[in-house]
Amino acid sequence: MKMSPSAPLRLAIPTLAILALLTACAGKEEEDATGGGRTYTVRGQVTQLPDPANPGSGIYISHEAIDDYVGRSGEVEGMDSMNMPFPVGAGVSLEGIQPADVVEFDLHVDWESERPVEITRIRELPASTKLDFRAAEPDKNQKP
């Protein structure tokens with residue numbers, strides 16, 4: 001049986017349409033799951049744990065620069081290395097995390113949210129991990 005020259009195209013179009021639909025759906029679920037905004041993976045060193053007597057107090061982390069950080073303006077501003085408190089999201093365990101631990105964490109930032117900045121994941125890194133504390137180097141040509 002001979003296949004017409006347009007047969008591969010007729011087969012490819014529905015396949016591509018299904019792939020596009022699946023990709024769009026997957027992206028939407030990810031967006032809905034995070035509530036919008038951006039998530040940055042950042043490394044740093046824990047300097048202070050939240051105060052158990054003060055619910056809502058954050059974990060203090062001296063973190064590396066975030067070059068592609070998008071500020072409230074909606075522009076790529078970057079964030080320099082600094083020591084600062086971060087709220088910890090619901091369901092994020094700090095079990096086993098101690099001051100002086102080197103960590104990697106996901107920092108979710110959504111300026112439209114009631115809680116615009118929070119840690120959504122944290123894990124301890126090997127103590128020998130070298131951190132690079134420096135000024136941010138934002139790419140002003142990068143689109144947010």
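The values are calculated or read from the model by the stated rules, or taken from the named source; none is laboratory data. Predicted, not measured: the structure shown is a model, and the values here were computed from it. Heads up, the Cβs are rebuilt from the backbone with ideal geometry, glycines too, and the neighbour counts pull from every protein chain shown. We work out accessible area using only protein heavy atoms, side chains counted, and drop any ligands, DNA or RNA first. Shrake-Rupley method; radii C 1.70, N 1.55, O 1.52, S 1.80 Å.
Annotations for the structure displayed:
- Take the Cα of A53, step 7 Å toward its Cβ, do the same at S73, and the gap between the two points is 4.1 nm.
- Loop-located trypsin sites (Lys or Arg not before Pro) in region 106-144 (DSSP state not H, G, I, E or B) with no more than 10 neighbouring Cβ atoms inside 10 Å: K130, K140.
- Chain lengthening between A90 and K140 when straightened (0.36 nm per residue, less Cα-Cα): 14.7 nm
- Region 27-120: chymotrypsin sites (Phe, Trp or Tyr not before Pro) in DSSP loop, at most 14 other beta carbons within 10 Å: W111
- Percent carbon-and-sulfur accessible area, region 58-144, ignoring ligands, DNA and RNA, probe 1.4 Å: 46
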